[in-house]
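Just so you know, all these numbers are worked out from the coordinates, no wet-lab data involved. The model shown is predicted, which means the values in this text are computed figures rather than measured ones. Quick reminder, even Gly has a Cβ in these numbers, built from the backbone with ideal geometry, and neighbours come from all protein chains shown.
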Amino acid sequence: MPEVDVFDETFIVVPPTVVAAAFADPSAWREYWPDLVPEVYADRGAEGLRWTVRGALVGTMEVWLEPVLDGTLVHYFLRADPPEPLPAKAMARERTRRQLAAKALALRLKTVLEDGRAPGCAPTRA
């Protein structure tokens, strides 16, 4: 089992193709994961992407996009290990840091992609 096993789910009220476009551009990855070097091994289009990662962690990462009602449930998975073993307390801090970063990224994308949509209203983009 990897030392870092992060998963997150966030509902974004836009179609999966819109969310997929936010992850499809490799130039955005440096902003999303500044200390990781992702390499796509499965481009699933509107269903998401799967990467191998290296850098601060070595392992796999996935964004799975599930159409739900009038939006997308974004499932995020990061399963990786540091290149060198870390003491237990440092490893616990690293897991927490990755969990918080995953949620922060999801909420930032939600804000941008929903483009000011008021709760209970239809998506502003199709």
Checklist entry - Does Ala28 fit the bill of being part of a helix (DSSP H, G or I), among the small types (Gly, Ala, Ser) and more than 25 Å from Arg95 (Cα to Cα)? => result no
Checklist entry - Which residue out of Pro16, Pro26 is exposed (fewer than 13 other Cβ atoms within 10 Å of the Cβ) and out of contact with any His (no Cβ under 6 Å at 6 or more places or on another chain)? => result Pro26
Item to check | Enumeration of residues in the stretch 1-25 that are in contact (Cβ under 8 Å) with a residue 40 or more places away in the chain and either of a type in the set (Ser, Thr, Tyr) or part of a helix (DSSP H, G or I) (or both) | outcome: Thr10, Pro16, Val18, Val19, Ala20, Ala22, Phe23
Next on the checklist: Residues to consider are Met91, Met61; find the one that is buried (at least 17 other Cβ atoms within 10 Å of the Cβ), in contact with a Pro (Cβ under 9 Å, 6 or more places away or on another chain) and within 24 Å of Pro34 (Cβ to Cβ).
Outcome noted: Met61
Checklist entry - Leu78 passes all but one of (1) of a type outside the set (D, E, K, R); (2) within 20 Å of Val13 (Cα to Cα); (3) in a strand (DSSP E or B); which number fails? => result (2)
